[in-house]
Amino acid sequence: MQAYLDQMSGLLLERDLRASEEDSEVRSLARAKTLTVLLGLDAQSKRILLQFLIEAELVQRVDGRDSIISLRYANLSDADLSGAFLRGAKLSDANLSDANLSDAYLSNANVLLADLSNANLRYANLSNADLSHANLRGATLEDADLSYANLRGVDLRGTSLIFADLSRANLRRANLQGATGLSDEKIAAVASLEGATMPDGSEHP
């Protein structure tokens, strides 16, 4: 971890990582180092690493600028990311299974195809996030903000949606079998349920 932090500090101070161009060598190097070190970290160390990246404004959208380091394919399983500010983060195909993302801010994030099975997303802000085809099986989404989120093809089997805001969310072809908290009011507020599997196992027309 210390070696990683020293190397990243060098990329920030000596190679001006923040001002680098997309697809530049320095960005590719920073991403490779980040994904590699995450593979060998425990849950607490992952939180420390993510906190460093967030405070350095490297993994979130800032003032209209996209994230500098993509966390696509990152191994963040079991990580405690409660309260993390990850607006506009690139988390597609990431492993976030069993992660604690309660109160996390993930508005406009790209979470396409990510594994969020059994994750704690209570009170998380996922408004306008792209979660299409993600695995949210068994996740806790109580009180989460999913307004305008893209949940197309998402596996939501066994999830808790109690008090979740699904207004204008796209749930086309999502699997909601066994999900709880999907009231008639929520169903009326979503943008689309075309072809979705409902909590009772029936298919929405």
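Miscellaneous remarks
- Only one entry in 200, 165 is surrounded by fewer than 21 Cβ atoms within 10 Å (Cβ to Cβ) and touching a Leu at 6+ places or on another chain (Cβ under 7 Å), namely 165.
- Residue within the range 5-28 that is of a type in the set (Lys, Arg) and open to solvent by less than 20 Å² (accessible area, probe 1.4 Å) present: no
- Residue satisfying all of: in the range 53-62; of a type outside the set (Lys, Arg) and outside any helix (DSSP H, G or I); nearest to residue 109 (Cα to Cα) among these: 60
- Matching residues in the range 29-52 - criterion: being in a helix (DSSP H, G or I) and touching a helix residue (DSSP H, G or I) at 6+ places or on another chain (Cβ under 8 Å): 29, 30, 33, 34, 37, 38, 46, 49, 52
- Within the range 14-28, if we keep just the residues that are part of a helix (DSSP H, G or I), modelled with pLDDT of 95 or more and more than 23 Å from the chain's Cα centre (by Cα), the residue that is nearest to residue 101 (Cα to Cα) turns out to be 17.
- Count - residues of the range 74-113 that are touching a Ser or Thr at 6+ places or on another chain (Cβ under 6 Å), within 24 Å of residue 28 (Cα to Cα) and assigned to a strand (DSSP E or B): 3
- Within the range 35-64, residues that are farther than 13 Å from residue 76 by Cβ sit with their Cβ atoms under 7 Å from residues that are basic (Lys, Arg), at 6+ positions apart or across chains, in these pairs: 60/87; 61/87.
- Unique residue being within 20 Å of residue 193 (Cα to Cα), open to solvent by less than 50 Å² (accessible area, probe 1.4 Å), without any contact (Cβ under 8 Å) to a residue 60 or more places away in the chain and under 10 Å from the mean Cα position of the chain (by Cα) when the list is 112, 126, 101: 126
- Pair list, Cβ < 7 Å and 6+ apart or interchain, from the range 135-159 residues that are open to solvent by less than 10 Å² (accessible area, probe 1.4 Å) to residues that are of a type outside the set (A, V, I, L, M, F, W, C) and in a strand (DSSP E or B): 136/155; 141/160; 146/165; 151/170; 156/175
- Residue in the range 31-40 that is in contact with a Lys or Arg (Cβ under 6 Å, 6 or more places away or on another chain), open to solvent by less than 10 Å² (accessible area, probe 1.4 Å) and not basic (Lys, Arg) present: no
The values are calculated or read from the model by the stated rules, or taken from the named source; none is laboratory data. Quantities reported herein were computed from a predicted structural model and do not represent experimental measurements. Virtual Cβ from ideal backbone geometry, glycine too; neighbours counted across all protein chains shown. The area values use the complete protein model at the heavy-atom level, side chains included, leaving out ligands, DNA and RNA. Shrake-Rupley method; radii C 1.70, N 1.55, O 1.52, S 1.80 Å.
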